[in-house]
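Colleague: Below is one structure. I have some questions about it.
Derivation of every value follows stated rules applied to the coordinates shown; laboratory data play no part. All of these numbers come straight from a predicted model, not from anything done at the bench. Glycine gets a Cβ as well: all are built from the backbone with ideal geometry, and neighbour counts include every protein chain shown.
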Amino acid sequence: MNDKNLSRALLEDAARFGIRYRESSVDRSVAPAPEALAKIDGFIETLPANGMPAKDVLSLLDKIGSPATVAMTGPRFFGFVIGGSLPVSVASNWLATAWDQNVVMNEVTPATATLERVAMNWLIELFGLPDDSAAAFVTGGTVANFTALAAARNRVYTDVGWDVEADGLIGAPPVTLLVGEEAHPTLFKSLGLLGFGRDQAIRIPVDGQGRMDAARIPAINGPTIVCTQAGNLNTGAFDPVGDICDAVKPRGAWVHVDGAFGLWAAASPELQFLCKGVQDADSWATDAHKWLNVPYDSGVAFVREAQALKSAMSITADYLLTESEFRNPSDFTPELSRRARGVDVWAALKSLGSEGVAEMIERCCSNARRFADRLQAAGFDILNDVVLNQVLVSFGDDATTRAIISEIQEDGTCWCGVTVWQGHTAMRISVCNWSTTVDDVDASLDAIIAIATRTVDRSLR
Ligand SMILES: Cc1ncc(COP(=O)(O)O)c(C=O)c1O
């Protein structure tokens, strides 16, 4: 075979293995078998001096790697807040990888830069954000928060006459940071990366669902950034973003919304009431790899004031033609070089349309309520108001709940994780996979209830 045929055979193998993997993830055990896990050690070796034929490299990946994965993309994985991947977005991802575009500048990557611009405008419309907001396609919610907050940092310092991009933070005037007590841990990491420190924010008390209490926000004085949340990672609850904006924006504060998954409620006519006031903020972060169901990794930052984001992110150099009439993607992202991850966002939105996105979001929420209702009917405690796609269930004391979660994970019908919610150990069920059906929910419930009932009965004997 010549080089061209070898390359074709290799890519065809990749497609075959990938298709087989995805088809099997529908009915296989969600947890990998212990024998498959034991074989992962087959990857561990010293750097080989001589290479292996590419075809064998790929076969090895499939033989050892595929069976040793947790079926995260399958319909019964309810751990963390992990979306699956729509077939169209996996396919677009494969094609965009084949294009191998470095989407720095419009001039040299016109097709991908245009697709990202279109995807950005569609998302802005879907979420009801201000029309001329800027956006950045980044790796995920953490970097989306970081990126949006870099714009916030730029704006609040510009307002007091300090050029933070040039002069940094040493000797800079202090910025007041207000963050809800139940903010996602990566929000604090983003603040740390921006030089604000992870522990400097004033934590605003929250209620039993994790919502910030707007009445407890202190009087604003000087440069201030308020970080709110749309969608608590445990309960799915939303901060009263509108009330917070009303309280702090007249005093010049910048309001940011971490909407890693909750912002998607804005795309649903049924659920958008949860996002009341979110559109009044100054910046927003979300994930596409969660609820839009595109492959990892994919997050998006939006900023009302494009110039603040551009000032924080753009660079110029003689060889980079960054000033152009077109939008150059790298003017808005922390990275210069990167894959065109917005292509998958475009493909998902093009194939679903706004109605398809709304239907997917609503279906996940309805399945979450189904989980809660049946678990409650079976006698277990639901610890949160199920307003979105998150369900917290307690099976009794902490040790019993943990033991039951371990058994559920080993059983392999479905996969749910453990969390601690305001002092109570709970199992967290997060429904955000496009392919989860009512039958998947019922099969998972049957397994969960059988395991939990058996364990509780045993402990009572
Ligand atoms: C509310 C919230 N913010 C931020 C993140 C971090 O997102 P990522 O893991 O995509 O960086 C998550 C992840 O679950 C989240 O739920």
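Colleague: Can you compute the FRET efficiency between THR437 and GLU181 using 1/(1 + (r/R0)^6), with r the Cβ-Cβ distance and R0 = 30 Å? Round to the nearest 0.05.
Modeller: E(calc), rounded to 0.05, equals 0.25.
Colleague: Separate question: With Kirkwood's inverse mean 1/r over C-alpha pairs for Rh, give me the Rg to Rh ratio of the range 1-121, two decimals please.
Modeller: 1.03
Colleague: Can you divide the C-alpha Rg of the chain by 2.2 N^0.38 Å and report the result to two decimal places?
Modeller: Values: Rg = 23.4 Å, N = 461, 2.2 N^0.38 = 22.6 Å.
Its radius of gyration relative to the 2.2 N^0.38 Å reference: 1.04.
Colleague: Under 10 °C and 1.306 mPa s, how fast does the range 33-90 diffuse according to Stokes-Einstein, given a Kirkwood radius computed over C-alpha pairs? Answer in µm²/s, whole number.
Modeller: D, rounded to a whole number, is 115 µm²/s.
Colleague: A further question follows. Give me the log10 of I(q) over I(0) for the range 136-181 at q = 0.16, 0.18, 0.31 Å⁻¹, as the Debye formula computes it from C-alpha points; what are the numbers?
Modeller: Calculated log10 I(q)/I(0) at the listed q: -0.52, -0.63, -1.11.
Colleague: Give the residue list of GluC sites (Glu not before Pro) in the range 301-379 that are DSSP loop and have at most 14 other beta-carbon atoms within 10 angstrom.
Modeller: Answer by residue number: GLU323, GLU325.
Colleague: Kindly state, to the nearest 0.05, the FRET efficiency for ASP381 paired with ILE64, given R0 = 45 Å and r defined as their beta-carbon distance. If you can, show how the numbers build up before the last one.
Modeller: Numbers: r = 41 Å, r/R0 = 0.92.
Given R0 = 45 Å and the Cβ-Cβ separation, E is 0.65.
Colleague: How are the C-alpha pair distances of the range 139-289 spread across 5 Å bins, as whole percents from the shortest bin up?
Modeller: Per 5 Å bin, starting at zero, the Cα-Cα P(r) for the range 139-289 comes out as 2, 10, 20, 24, 21, 13, 6, 3, 1, 0 percent.
Colleague: Name the residues of the range 172-209 whose amide N is less than 14 Å from a point 7 angstrom out from the Cα of ARG216 along the C-beta direction?
Modeller: Once the point is set 7 Å along Cα→Cβ of ARG216, 178-183, 202-209 turn out to lie under 14 Å by backbone N, inside the range 172-209.
Colleague: Starting from the Kirkwood radius over alpha-carbon pairs of the range 308-423, derive D by Stokes-Einstein at 4 °C in a medium of 1.567 mPa s and give it in µm² s⁻¹.
Modeller: Taking Rh from Cα pairs, D becomes 69 µm²/s.
Colleague: A follow-up question, please. What value in Å³ per residue do you get for the convex hull of the alpha-carbon atoms in the range 39-194?
Modeller: Output value, Cα hull per residue: 255 Å³.
Colleague: I've got another one for you. Computed on alpha carbon atoms, what radius of gyration and Dmax characterise the range 59-148, expressed in Å?
Modeller: 16.7, 49
Colleague: Mind checking the range 16-50 for GluC sites (Glu not before Pro) that DSSP puts in a loop (not H, G, I, E or B) and that have at most 14 other Cβ atoms within 10 Å?
Modeller: The qualifying sites are GLU45.
Colleague: Then there's this: Given bins 10 angstrom wide, list per bin the percent of all Cα-Cα distances in the range 343-394, short to long.
Modeller: 25, 35, 22, 15, 2
Colleague: Dividing the convex hull volume of the Cα atoms of the range 360-450 by its residue count, what figure in Å³ per residue is obtained? Intermediate values should be presented prior to the final figure.
Modeller: Details: hull volume 7.5 nm³, N = 91.
Roughly 83 Å³ of hull volume per residue.
Colleague: Let me ask something else about it. Take the chain, mark every one of the chymotrypsin sites (Phe, Trp or Tyr not before Pro) that falls in a DSSP loop and has at most 15 other Cβ within 10 Å, then report the longest stretch left between them, sites excluded.
Modeller: Formally, the longest exposed-site-free interval is 81-318.
Colleague: Shifting gears a bit: Extension gain GLU410-ASP167, at 0.36 nm per residue separation less the Cα-Cα distance, in nm?
Modeller: Roughly 82.1 nm would be gained on extension.
Colleague: Now for a separate question. In whole Hz, with x marking every Gly and Pro, tabulate ³J(HN,Hα) for the range 411-425 from phi via Karplus 6.51 cos²θ - 1.76 cosθ + 1.60, θ = phi - 60°.
Modeller: 4, x, 5, 8, 9, 10, x, 9, 8, 10, 10, 6, x, 10, 6
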